[in-house]
Amino acid sequence: MTDVVLITGAGIGIGRAAALAFAAAGHHVVVTDVLEPEGRAVVAEIAAAGGRAEFHRLDVRSTEAADALVADIEARHGRIDIIVANAGIAHKVPLSELSDDKWDHTLDIDLKGIFRVIRPALPGMKARRKGAIVALSSIMGVAYGWDEHVHYSAAKAGVVGLVRGLGVELARDGIRVNGVAPGYIRTAQLLSKEHSVGPDADKCGEYIPMGRIGEPEDIADVILFLASDAARYMTGQVVVVDGGLLVGRY
Ligand SMILES: NC(=O)c1ccc[n+]([C@@H]2O[C@H](COP(=O)([O-])OP(=O)(O)OC[C@H]3O[C@@H](n4cnc5c(N)ncnc54)[C@H](O)[C@@H]3O)[C@@H](O)[C@H]2O)c1
């Protein structure tokens, strides 16, 4: 059966790859992002390949916008089956400059922004006793600290708690909640010289056991698996997808 899939931050990077993967698997994908041309381009790419998708601008900082979009999707499609809460930022801010505003900005997107899109969809998922939710954490939240990204590491560690708490509370309602913690993945976030590794990110492959950084599709396929019936007995888990980085660094 075709599922209705809501994905945040789906105009580029991991979210875009997830949108393409769900569409290729035959699902109807609601592509959302603050990046409008990029989001519309993903929808066009899906349509050109014979898939089904639609674009809506959604800033995950807005509770009103998230509530309204979920209501609109449910009114038109009758349901939301899967949510991929992917939108995130990773701003480099040294501790000496980590003001309340900068802290709140990252936590508002990377942690609360996940809860905002999930919350309004829960009554419908509970009523149908069907739902799969996948949230994006990071190796910087589950295992590593990341200097000059303390707020990011805190938010991504928070995602682990969110996934566990929701997983337990929603299990009896037939709703599964899991997470993915990517390692180094070739996206705008990683390739940013200002905020992360920069354009020569491929050098990180030297210390990754599999010998390369990850591609967005490497994460998208795991998201697709976690949302699928193949993962029907999994909930509350955050799966590390990092080419062996965490287990190989000793
Ligand atoms: N690339 C990596 O190496 C890596 C590693 C670990 C975790 N992650 C996480 O994976 C997720 C996807 O990141 P990516 O690497 O594809 O980065 P990216 O920068 O390519 O994409 C992030 C997406 O989030 C969107 N976004 C940002 N703020 C938003 C907001 N307020 N509302 C809605 N959308 C917003 C952006 O427009 C963009 O589409 C993020 O949560 C990120 O933290 C990435």
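A short reminder: the numbers here are calculations on the coordinates, not readings from a lab. As the structure is a computational prediction, the values presented were derived from the model and not from experiment. Ideal geometry is used to build each Cβ from the backbone, glycine not excepted, and the neighbour counts take in all protein chains shown.
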Give the share of C-alpha pairs in each 10 angstrom bin for the range 154-250, from 0 to the last occupied bin, in whole percents, shortest bins first.
-> 15, 38, 32, 13, 1
For the range 185-250, the dipole about the Cα centre with charges only on Cβ (Lys and Arg +1, Asp and Glu -1), to the nearest 20 debye, works out at 180
To the nearest Å, what is the center-to-center distance of the range 198-250 and the range 78-150, using C-alpha atoms only?
-> 18
Specify the angular offset, from 0 to 90 degrees and rounded to the nearest 10, of the alpha carbon long axis of helix 100-110 from the longest principal axis of the alpha carbons in the chain.
-> 50
Cα-based reach from residue 102 at 21 Å (exclusive), listing lysines while leaving out same-chain residues under 8 positions away | 92, 112, 156, 193
Relative packing of peptides 217-225, 25-33 - highest average C-beta neighbours within 10 Å first = 25-33, 217-225
Mean separation of Cα pairs under 8 Å and 6+ residues apart, divided by the residue count of the range 161-249: what relative contact order is that in percent?
-> 41
Mind listing the Cα extents of the range 58-129 along all three principal axes, in Å, largest one first?
-> 48, 20, 14
Can you list the HN-Hα couplings for the range 237-248, worked out from phi with the Karplus curve (6.51, -1.76, 1.60; θ = phi - 60°), rounded to whole Hz and with x for Gly and Pro?
-> 9, 10, 8, 7, 10, 9, x, x, 4, 5, 7, x
So what's the Cα pair-distance distribution over the range 1-111, bin width 5 Å, in %?
-> 2, 13, 22, 22, 17, 10, 7, 4, 3, 1, 0
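Subtracting the Cα-Cα distance from 0.36 nm times the residue separation, let me have the gained length for residue 169 to residue 228 in nm, one decimal.
19.3 nm is the gain from fully extending residue 169 to residue 228.
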Mind putting a number on the dipole of the range 1-122 about its Cα centre? Charges go on the C-beta only, +1 for Lys and Arg and -1 for Asp and Glu, and I need it in Debye to the nearest 20.
-> 300
Convex hull (Cα only) mean projected area of the range 93-192, reported in nm² to one decimal | 7.0
Let a ≥ b ≥ c be the square roots of the eigenvalues of the Cα gyration tensor of the range 26-83; is it rounded (a/c under 1.5), or, if not, prolate (a/b larger than b/c) or oblate?
-> oblate
For the chain, alpha-carbon Rg and Dmax in angstrom | 17.2, 52
Let me have the relative contact order for the range 78-230, percent, based on Cα pairs under 8 Å that are six or more residues apart.
-> 24
Of the candidates 175, 70, 55, the farthest towards the positive dipole end of the chain (Lys/Arg Cβ +1, Asp/Glu Cβ -1, centred on the Cα centre) is 175
